[in-house]
Amino acid sequence: IDTAVFLLSGQEVTLEATEGFESYSWDPPTGLSSDTSRIVIATPVVTQKYYVTATTEYGCEETDSIYLVIAQSIQTIYTGFTPNGDGVNDKWVIPHAVEYGDKIEVQVFNRWGQRLFYSRGYGGSNEWDGTYKGKPVPVGTYYYIITLDDGKTEPFTGTVTIIR
């Protein structure tokens, strides 16, 4: 299983190969501070899978990889969904939210300001399904705040409507 690291555009991460080898080779070298060091700084511009091959003094090689995912900007936030169990549009999907890993926070409130849903990280099995404490919420309009920990994006706010 590949290790995945989620990054925001322009963010860097230090990659460290296992110690004790004679030489190291990183591929592709694009976005890396070095392609022959044990420890490198990666600043990928796009989502990239990096491989490192380490060689012992006797010529034995080991290869490992890491997948660096660059989050694309959130431009679409759907204003409604239909959690009726038909398998279509049953969860509130936010395109590209999963790419932010734990750098995204999603909250949903009812009209009285009671928080019905909270998540650090969003996407996949971690999406709002229109329930609160396991029970379906009534048909209606709910308010959301989506915060990105990127130091530059203002929180997204708005409404999402549940239709059954």
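The values are calculated or read from the model by the stated rules, or taken from the named source; none is laboratory data. As the structure is a computational prediction, the values presented were derived from the model and not from experiment. When we count neighbours, we look across all protein chains shown, and the Cβ atoms used for this are built from the backbone with ideal geometry, even at glycine. What goes into the accessible areas is simple: the full protein's heavy atoms, side chains included, and nothing from ligands, DNA or RNA. Shrake-Rupley method; radii C 1.70, N 1.55, O 1.52, S 1.80 Å.
Sites listed here are GluC sites (Glu not before Pro) in the range 16-70 whose DSSP assignment is loop and whose Cβ has at most 15 other Cβ atoms within 10 Å: Glu19, Glu22, Glu57.
So if I average 1/r over every pair of distinct C-alpha atoms in the range 71-143 and take the inverse, what Kirkwood radius in Å does that give? Walk me through the intermediate numbers first.
Values: mean 1/r = 0.0775 Å⁻¹.
Result for the range 71-143 stands at 12.9 Å.
With N counted as the residues of the range 25-164, its alpha-carbon radius of gyration over 2.2 N^0.38 Å works out to 1.44. Which of the lysines could a cross-linker span from Lys133 if the Cα-Cα distance has to be under 29 Å and same-chain partners fewer than 8 positions apart are dropped? Partners within reach: Lys91, Lys103. Just to verify a number: FRET efficiency for Thr55 and Ile145, C-beta to C-beta distance, R0 = 35 Å, to 0.05? Efficiency computed from Cβ-Cβ geometry: 0.10.
For Thr159, Thr53, write out the residues from largest to smallest accessible area, computed with a 1.4 angstrom probe and no ligands counted.
Details: Thr159 55, Thr53 35 Å².
Result, largest first: Thr159, Thr53.
Compare Thr43, Thr141, Thr18 in a GNM of the chain, Cα atoms joined below 10 Å, and give the one with the largest fluctuation. Most flexible of the set in this elastic network: Thr18. Among the chymotrypsin sites (Phe, Trp or Tyr not before Pro) within the range 73-114, those in coil by DSSP and having at most 16 neighbouring Cβ atoms inside 10 Å are Tyr78, Trp112. When nucleic acids and ligands are ignored and a 1.4 Å probe is applied, Arg120 ends up with an accessible area of around 110 Å². Computed with a 1.4 Å probe over protein heavy atoms only, the accessible area of Ser9 comes to about 80 Å².
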